[in-house]
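Just so it is clear, none of the values below were taken in a lab; they were calculated from the coordinates. Note that this is a predicted model, so its numbers are computed, not measured. Every residue, glycine as well, gets a Cβ built from its backbone with ideal geometry; the counts of neighbours run over all protein chains shown.
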Amino acid sequence: MLKDYQGIPVTTNNTDILDSINFFIKELLRVGPDADKILAAADNNPNEIMPQLLAAIFYLYAQAGEFDNLIKTYLAQAKNLLRQSGEREKLYYAALRAWYRNDYHGAIKHFETITQLWPQDVFAIKVAEFMFYALGQGYTGKAYLKFTERMYSVNQHDPYFLAMHSFALELNGEYGLAEQEAQKAISLDSENVWAHHTIAHVYTKQGRLAKGINALTNYSECWQRHARPIQSHNYWHLALLHLEAMDIQAAWQVVKDHILLITPDMVLEQYDTISFLWRLEMAGHVVEQTIWQDVAKHVALHANDVYIPFLTAHYAYALQRANQTDVIQAMQAKVAESMAQTPVQQRAIWEKAGLPLIAASLAQAKGDHKRVVELLTPIMQCVGSVGGSDAQTDLFRYAYVHSLAQTKQQVAAQNYLQTMLKLYPATPLQNALLRI
Ligand SMILES: [Fe+2]
């Protein structure tokens with residue numbers, strides 16, 4: 001049995017397959033543009049289990065129903081090979097089956113076992129990180145940090161591990177330590193785009209806008225050499241920093257140059273776009289109807305793909321802004337249908353926070369602020385459970401503040417904003433949200 005570059009046994013005797021596996025793992029960790037090369041390795045070698053599992057991972061990340069059959073095929077091929085495979089492949093298969101069923105809690109348990117058996121499996125933490133995203137990275141931040149802390153001593157010199165650990169620290173409000181670990185990660189690899197991402201989160205949460213803009217602008221030179229999702233997302237953070245400073249022109253320029261309708265069918269670009277436009281509207285700026293129509297046209301293709309409430313809430317807002325009422329109705333029917341088949345822990349999140357949030361997103365898109373307040377007030381404690389990172393779910397916190405202000409509840413709006421800000425002064429955008 002051969003070992004991968006992390007020193008972990010892999011069920012294969014073929015060194016070309018081992019090279020493909022190592023390439024995919026490294027590409028995913030550094031967020032490179034060529035992770036799709038694993039697909040040829042999987043298709044040309046149906047009797048090699050690890051490429052089947054990695055190809056399934058490649059498509060699971062997309063959060064798009066159009067890849068459902070491909071995921072099913074790769075997982076089915078992997079299942080047929082399980083008997084002659086090692087323990088790690090068996091555990092990966094179980095984790096991916098859980099992920100495919102939207103059972104993110106179940107998947108995390110399997111990744112916990114994997115990393116207990118092979119603490120050097122940095123790749124496993126990378127995949128597990130997505131499960132924490134699906135369950136709300138801020139909401140489940142403590143569990144994620146426990147995960148990385150447990151593996152710190154073994155992996156403390158790995159720049160991609162440090163990028164994840166720094167993000168886990170940031171999600172727990174440990175901004176100083178997060179910045180320190182992210183800088184360590186960048187010093188080991190200056191093109192460490194996931195550590196750049198931690199820096200973006202830290203400076204945004206601390207309200208250090210000029211410093212954040214400067215740092216991200218410097219880092220951005222290398223982003224074009226990485227995968228499209230991270231380009232979109234890191235530029236989204238840069239645009240957000242400009243927007244927090246209410247430099248609308250600079251924010252728009254970043255979005256037009258690097259995000260808006262560049263890969264319009266990619267889910268991650270879609271929610272980066274919607275999240276920006278939604279904030280822009282709350283800041284009092286008009287988004288042209290043609291832009292919403294263009295965005296909604298592509299969003300409509302994914303509206304019936306139900307994964308996490310975070311995504312569906314973004315779709316709901318965009319579709320409502322473009323008056324796509326038929327698509328919204330079909331989407332709501334699909335949500336009800338999917339919920340019936342969703343594992344119980346995940347269904348509880350949809351029931352408690354997801355459905356009210358989606359209704360509130362629609363209400364805010366219609367300008368019905370009274371309804372938004374009614375829907376959001378009972379769920380603000382658990383809104384982070386719908387999925388997304390701390391910065392991503394701040395969108396819903398901003399929406400709440402905005403609707404409170406629009407219904408002339410300025411004191412409540414101000415008080416809620418204070419609970420979000422803790423030690424830092426309000427940004428120009430946050431002050432704008434309070435205005436009627
Ligand atoms: Fe982010």
Problem set entry | Modelled FRET efficiency - R0 41 Å, residue 80 with residue 297, Cβ distances, 0.05 increments | 0.55
Problem set entry | Helical contribution to [θ] at 222 nm, DSSP H n ≥ 4, -39,500 (n - 2.57), averaged over the chain, rounded to 500 | -21500 deg cm²/dmol
For this session: Would you work out if the chain is rounded, prolate or oblate? Take a ≥ b ≥ c from the square roots of the eigenvalues of the alpha-carbon gyration tensor; rounded if a/c is under 1.5, else prolate when a/b is larger than b/c, oblate otherwise.
Result: prolate
For this session: Describe numerically, in nm with one decimal, the distance between label points set 7 Å from Cα along Cα→Cβ at residue 411 and at residue 40.
Result: 6.7
Exercise. What is the helix-to-structure angle for 248-258, meaning the angle in degrees between its Cα long axis and the longest Cα principal axis of the chain, kept from 0 to 90 and rounded to the nearest 10?
Worked result: 30
Problem set entry | Kirkwood Rh and Cα Rg combined as Rg/Rh, the range 118-218 | 0.96
Exercise. Given the Cα-Cα distance of residue 183 and residue 351 and 0.36 nm per residue of separation, how much length would full extension add, in nm?
Worked result: 56.5 nm
Problem set entry | Folded to 0 to 90 degrees: helix 289-299 orientation relative to the chain principal axis, Cα | 30
Problem set entry | Alpha-carbon Debye profile of the range 191-312, log10 I(q)/I(0) at 0.09, 0.16, 0.23 Å⁻¹ | -0.24, -0.77, -1.40
Exercise. Angle, helix 355-366 long axis vs. longest principal axis of the chain, Cα atoms, 0 to 90°, nearest 10?
Worked result: 50
For this session: May I ask for the net charge around residue 404, where only other residues with Cβ less than 13 Å from the Cβ of residue 404 are counted and Lys, Arg are +1 while Asp, Glu are -1?
Result: +4
Seminar exercise, completed: Percent relative contact order for the range 263-436, counting Cα pairs under 8 Å at least six residues apart, stands at 20
Exercise. Working out 0.36 nm times the residue gap between residue 68 and residue 225, then minus their Cα-Cα distance, what length gain in nm do you get to one decimal?
Worked result: 53.7 nm
Problem set entry | Ordering of 127-133, 73-79 by burial proxy (mean other Cβ atoms within 10 Å per residue, highest first) | 127-133, 73-79
Exercise. Where a ≥ b ≥ c are the square roots of the eigenvalues of the C-alpha gyration tensor, would you call the range 1-134 rounded, which needs a/c under 1.5, or, failing that, prolate if a/b is larger than b/c, or oblate?
Worked result: rounded
For this session: For an R0 of 60 angstrom, estimate the FRET efficiency from the Cβ-Cβ distance between residue 290 and residue 1 and round to the nearest 0.05.
Result: 0.55
Seminar exercise, completed: In this structure, the FRET efficiency calculated for residue 256 and residue 434 from their beta-carbon separation, with R0 = 45 Å, to the nearest 0.05, is 0.95
Exercise. How high is the relative contact order of the chain, in percent, with contacts defined as C-alpha pairs under 8 Å that are six or more residues apart?
Worked result: 13
For this session: Quickly rank 30-38, 138-146 as a protection proxy: mean count of other C-beta atoms within 10 Å, highest first.
Result: 138-146, 30-38
